[in-house]
1. Looking at (1) surrounded by 15 or more Cβ atoms within 10 Å (Cβ to Cβ); (2) modelled with pLDDT of 95 or more; (3) of a type in the set (S, T, Y), which is the one condition that is false for S88?
2. Name the residues in the stretch 25-51 that are in contact with a Ser or Thr (Cβ under 8 Å, 6 or more places away or on another chain), at negative phi and open to solvent by less than 50 Å² (accessible area, probe 1.4 Å), would you?
3. At pLDDT below 90 and among the small types (G, A, S): does that describe A77?
Amino acid sequence: MKELRWITDNVCQYVFIENEDKPYIDVNITALINGENAMLIDTAFANQALVVKQELESKGITVDEIVLSHHHPDHAAGATEFPKAALSCSSHYENNFNNCNDIWHKEHDYRKPQQIILDNSTKMYGNILLDFFETPGHSKCSIVTLIDSRIAHVGDLLMFDVDHKPTLPNICGDGSFEDHIKSLEKIKELGAE
């Protein structure tokens with residue numbers, strides 16, 4: 001693990017280097033701690049998810065829910081390490097799920113979600129308020145999770161270079177530059193960190 005960032009008293013982010021060949025690319029797993037349980041937003045790859053699972057379990061914390069910002073392997077492949085956790089994704093996940101399983105990155109084992117997240121929906125996780133927004137652009141199934149009306153988890157809607165400067169959007173096969181711009185405007189309106 002490269003770094004553990006505490007964002008609030010009950011929200012932290014585990015930061016990993018994607019792989020040794022690309023030391024400039026980070027993948028993240030965000031954990032929302034609710035007593036002896038945790039919800040993860042994204043799971044990175046299986047080996048990184050396992051590190052987070054072991055770290056949380058060493059503190060007596062069980063992952064009981066997972067939300068995926070989108071269904072690309074660096075965000076979703078690690079969900080298999082938490083087979084008992086309820087998995088939630090955008091209503092547009094299926095196309096990317098099928099692409100990941102059948103066309104590219106076949107080496108990963110992907111889970112289908114049990115729950116679908118609808119645009120502009122809300123959920124409580126313990127005392128943490130979560131608002132969800134569909135934000136296509138990078139991929140059709142991208143969602144933003146707003147945590148307690150102040151912290152936005154944006155997945156790959158925003159990307160940064162090694163100097164932490166924003167990069168041009170990375171638009172995937174099912175993504176859209178026009179949608180990406182609209183989604184950036186939407187998160188700007190949230191006024192979140």
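1. Here S88 clears every test but (2).
2. I29, A38, L40, I41, A46, A49
3. Considered against the rule, which asks whether it is at pLDDT below 90 and among the small types (G, A, S), A77 comes out as yes.
The values are calculated or read from the model by the stated rules, or taken from the named source; none is laboratory data. Keep in mind that this is a model prediction, so the values were computed, not measured. Because the Cβ atoms are built from the backbone with ideal geometry, glycine has one as well, and the counts that use them run over all protein chains shown. SASA here: full protein model, heavy atoms, side chains in, ligands and nucleic acids out. Shrake-Rupley method; radii C 1.70, N 1.55, O 1.52, S 1.80 Å.
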